[in-house]
There are 2 protein chains.
Amino acid sequence: MADSPDFPQGMSCPTPANDTERVQLGHGSGGKQTAMLVRDRFFAWLSNEILAKQTDAAVLNLGSTKIAVSTDTFVVKPLEFPGGDIGSLSVHGTLNDLAMMGAEPLYMTAGFVLEEGLELEVLDRVVASLARAAAEAGVEGRKGRADDTGDTGGAVEGGVPIVCGDTKVVERGKCDGMYINTTGIGQIDPAFTPSPEKARPGDAVIVSGPIGRHGIAVMAQREGLEFDVEVESDAATLWPLVERLRDAIGDAVHVLRDPTRGGVASALNEIAQSAEVGIELNENSLPIPQPVLAACELLGFDPLYVANEGILIAIVEEHVASDAVKVLQSHPLGAAAAIIGRVVSTNSGIVALKTAVGGTRVVDMLSGDQLPRIC
Amino acid sequence: MADSPDFPQGMSCPTPANDTERVQLGHGSGGKQTAMLVRDRFFAWLSNEILAKQTDAAVLNLGSTKIAVSTDTFVVKPLEFPGGDIGSLSVHGTLNDLAMMGAEPLYMTAGFVLEEGLELEVLDRVVASLARAAAEAGVEGRKGRADDTGDTGGAVEGGVPIVCGDTKVVERGKCDGMYINTTGIGQIDPAFTPSPEKARPGDAVIVSGPIGRHGIAVMAQREGLEFDVEVESDAATLWPLVERLRDAIGDAVHVLRDPTRGGVASALNEIAQSAEVGIELNENSLPIPQPVLAACELLGFDPLYVANEGILIAIVEEHVASDAVKVLQSHPLGAAAAIIGRVVSTNSGIVALKTAVGGTRVVDMLSGDQLPRIC
């Protein structure tokens, strides 16, 4: 357009901004580009000591209570996929960010952007699914605490209530069915504060379940791909696993992280950089389901970069590693838990993979947009 | 389409859902249709005792601390308008919901949905504006409290910090530049808990400033309308006004409400219904700026339904009404404060306007979509 010879003489020709000066899909990938956008465009203006920590959730003091707060906007496409939908995902994603700080989820808010023309039937299904996920979240958690004396105020028994909401409607073509923001509030136990910078050389790296299911399930549904075995999203609330780890292992759990956008690779890179340690993974130990491997081969993806929404990475002291795996395996969500590597003092900030054939390769952060809009 | 004679024989004809079974723009208006959508599609699944209160913000107990939480997604179009932009509006809108519960704003979260192709220059301006609004919010509040002993934990001195955030990117044409969700957390003073159902017959109805500026400013910018006198949005943080009312009038302040989507008319209708009282307004007392009146006449709008983002309605005991007006007028934001009507025991749930020519007309809730996407 800018160079069109038809451009009326005498008028100045509008110069469109260079593509590097515009938002690109890769800025939402959860990898390098996202990190740069956040650093250059948000932290430049907004920085404060809480935000600067860049943890999954912010830790705040309110009177004598320590809480965790996390916010997430969900734009997953399509709205419904095998194993979940944007409603349940909005609950799991935000509550898991709290759980990764060791925080027991207490309350949530929900903000909807709806596209004009969205079928109310679809909205109904999504809201019902969101409600079910919220009602089921934290059930075990609340039952399991002997010292629960009503500290949670108005929290609804056996679930995480949506305490306030908002609905906006935009014209056709200004949204993609619906987007949902959820913000969660959780209560922090001062004796249990896992954090990325706490990883120490010698620690074991554990994953709680099969890798790569969410990203592949969403991608397959979006693109209409059919595999021999359907891959279902792993989306689930991780609090029950965290609670069991806390009760059994306590502060020997150094780091918890849910490997969502950017996958296991990006999550481990963030930990390695934050704690200034190296991380070594064993390819042979990675629990990657055969259908995920097959789909990744077909699509040219690396499963380590595929998003998960129902597994966690736990970095624990080496002497409790096998106990931690057993604790995870005692819950259905953790049945496939495994030690996948260890923290080392060499190669600070780097994640290395010992391949099945005996070689070693560096597993960098995701750069670009392998799988946009998976959450 | 459904009745097209060209539809291939033998194939079943897809029946598109009736328009009444789809989301319509009016569902986002903040009026009757929004109320119905929320009741039928959200409360049907999500109801709990906190959500059921339908106040501007939820009130939660965390240990011994009582907090207010509010969430809002902003989809204003255009992103920038006279007197503000989507960034500053995202701060003012959410913090004002807290203030209307008497809660001092402490913390905020921010979740961005960005459209591929958005100029980073625009993003920069909006984020800088959001940061400025957050830094300026609550300054007076924090200074003014003699008993502030650091109760606010990690809160940043002289502002409301953004403590966590999220960024998603969607493809071109799947958003309108950007949408921003903000969620705010505020601290409630148990001795000051204004609430819509507390309106009592005999109370005075006060408005803190000129009516209708925000909606007209946004609409004029969007449609490229030019008036003799430009109308600027009133968007501002109302906490300083609330704090002054609290300190001077205390619990004789029965109700606080910011008349945003749906305007003064919808806010008063909600109060009348909630408290089961009638409300009488005097047309002669309404502070409607001449340029707003002129624009409304031109566009066929009623200023009582036009959104405001920087004024509040206070319903106070009659004997403190003139004091309350003076307190409001002592701050620049409240310079045009005025008593505009009173609460009556007749006509429960109804808002009536005594017109300038001596008649009376019922001022119903907004029905339909007078001004979509003004916040």
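Being within 14 Å of chain B (Cβ to nearest Cβ) and under 16 Å from A:G83 (Cβ atoms) narrows it down to one of A:R222, A:R213, so name that one.
When all the criteria are applied, what remains is A:R222.
Within the stretch A:89-108, is there a residue that is within 9 Å of another protein chain (Cβ to nearest Cβ) and more than 17 Å from the chain's Cα centre (by Cα)? Yes, the stretch A:89-108 has at least one match.
Given the structure, is A:I374 under 15 Å from A:R213 (Cβ atoms), outside the structural domain of A:V253 (by TED's automatic domain parsing) and surrounded by 15 or more Cβ atoms within 10 Å (Cβ to Cβ)?
Details: under 15 Å from A:R213 (Cβ atoms): yes; outside the structural domain of A:V253 (by TED's automatic domain parsing): yes; surrounded by 15 or more Cβ atoms within 10 Å (Cβ to Cβ): yes.
For A:I374, the condition - under 15 Å from A:R213 (Cβ atoms), outside the structural domain of A:V253 (by TED's automatic domain parsing) and surrounded by 15 or more Cβ atoms within 10 Å (Cβ to Cβ) - is met.
Whether any residue in the stretch A:232-240 is aromatic (F, W, Y), away from chain B (no Cβ under 14 Å) and within 20 Å of A:S70 (Cα to Cα) is what I want to check. Checked against the condition, which is being aromatic (F, W, Y), away from chain B (no Cβ under 14 Å) and within 20 Å of A:S70 (Cα to Cα), the stretch A:232-240 yields at least one hit.
The set of residues in the stretch A:261-273 being modelled with pLDDT under 95 and more than 15 Å from A:L353 (Cα to Cα) consists of A:R261, A:G262, A:E270. What about A:D364, is it within 14 Å of chain B (Cβ to nearest Cβ), part of a loop (DSSP other than H, G, I, E, B), surrounded by fewer than 20 Cβ atoms within 10 Å (Cβ to Cβ) and at pLDDT below 95? No: the conditions fail for A:D364.
When residues of the stretch B:141-175 are filtered for being at pLDDT 55 or above and among the acidic types (D, E), how many remain? So that I can check it myself, show each step before the final result.
Step one: of the stretch B:141-175, the residues at pLDDT 55 or above are B:158-175.
From the residues that got through so far, the ones that are among the acidic types (D, E) too are B:166, B:171.
Going through the stretch B:141-175 one residue at a time, the tally reaches 2.
Of the numbered criteria (1) in a strand (DSSP E or B); (2) buried (at least 20 other Cβ atoms within 10 Å of the Cβ), the one A:H92 fails is (1). Taking the listed residues A:P332, A:P259, the one that is free of Cβ contacts under 8 Å to residues at least 60 places away in the same chain and open to solvent by 50 Å² or more (accessible area, probe 1.4 Å) is A:P332, with no other qualifying. If you go through the stretch A:32-79 and keep only what is touching a residue at least 12 places away in the same chain (Cβ under 8 Å), at the interface with chain B (Cβ under 7 Å from one of its Cβ atoms), polar (S, T, N, Q) and touching an Asp or Glu at 6+ places or on another chain (Cβ under 9 Å), you end up with A:T65, A:S70, A:T71, A:T73.
Kindly provide the set of residues from the stretch A:54-81 that are open to solvent by 10 Å² or more (accessible area, probe 1.4 Å) and hydrophobic (A, V, I, L, M, F, W, C), ordered by number. Matches in the stretch A:54-81: A:V59, A:L79, A:F81. Among the residues examined, B:L238 does not qualify as over 25 Å from A:D166 (Cβ atoms) and among the aliphatic types (A, V, I, L, M).
Do we have any residue at all in the stretch B:132-140 that's under 23 Å from the mean Cα position of the chain (by Cα), within 20 Å of A:K168 (Cα to Cα) and at pLDDT 95 or above? Spell out the reasoning first.
So the first thing to find is which residues in the stretch B:132-140 are under 23 Å from the mean Cα position of the chain (by Cα), and the list is B:132-140.
With within 20 Å of A:K168 (Cα to Cα) added as a condition, the list becomes none.
Scanning the stretch B:132-140 turns up no residue that is under 23 Å from the mean Cα position of the chain (by Cα), within 20 Å of A:K168 (Cα to Cα) and at pLDDT 95 or above.
Of all residues in the stretch A:284-334, those satisfying the criterion of being over 22 Å from the mean Cα position of the chain (by Cα) and among the acidic types (D, E) are A:E297, A:E317, A:E318, A:D323. Looking at the structure I just gave you, is B:L114 facing chain A (nearest Cβ under 7 Å), touching a strand residue (DSSP E or B) at 6+ places or on another chain (Cβ under 8 Å), surrounded by fewer than 24 Cβ atoms within 10 Å (Cβ to Cβ) and closer than 19 Å to B:G165 by Cα? No. Scanning the stretch A:26-42 for residues that are assigned to a loop (DSSP other than H, G, I, E, B) and not small (G, A, S) yields a total of 0.
So, in the stretch A:198-225, of the ones that are charged (D, E, K, R), at pLDDT 95 or above and open to solvent by 40 Å² or more (accessible area, probe 1.4 Å), which residue ends up nearest to A:L293 (Cα to Cα)? Spell out the reasoning first.
Kept after step one, since they are charged (D, E, K, R), are these residues of the stretch A:198-225: A:198, A:200, A:203, A:213, A:222-223.
Filter again for at pLDDT 95 or above, leaving A:198, A:200, A:203, A:213.
This time we only want the ones that are open to solvent by 40 Å² or more (accessible area, probe 1.4 Å), so: A:198, A:200, A:213.
Details: A:K198: 32, A:R200: 31, A:R213: 10 Å.
Across the stretch A:198-225, the extreme among qualifying residues is A:R213.
Among the residues in the stretch A:312-320, are any surrounded by 24 or more Cβ atoms within 10 Å (Cβ to Cβ), part of a loop (DSSP other than H, G, I, E, B) and in the same structural domain as A:M219 (by TED's automatic domain parsing)? Yes, the stretch A:312-320 contains at least one residue that is surrounded by 24 or more Cβ atoms within 10 Å (Cβ to Cβ), part of a loop (DSSP other than H, G, I, E, B) and in the same structural domain as A:M219 (by TED's automatic domain parsing).
The values are calculated or read from the model by the stated rules, or taken from the named source; none is laboratory data. Because the structure is predicted, anything quoted here is derived from the model rather than measured. Please note: Cβ atoms are built from the backbone with ideal geometry, for glycine as well, and neighbour counts cover all protein chains shown. The accessibility values were calculated without ligands, DNA or RNA, using every heavy atom of the protein model including side chains. Shrake-Rupley method; radii C 1.70, N 1.55, O 1.52, S 1.80 Å.
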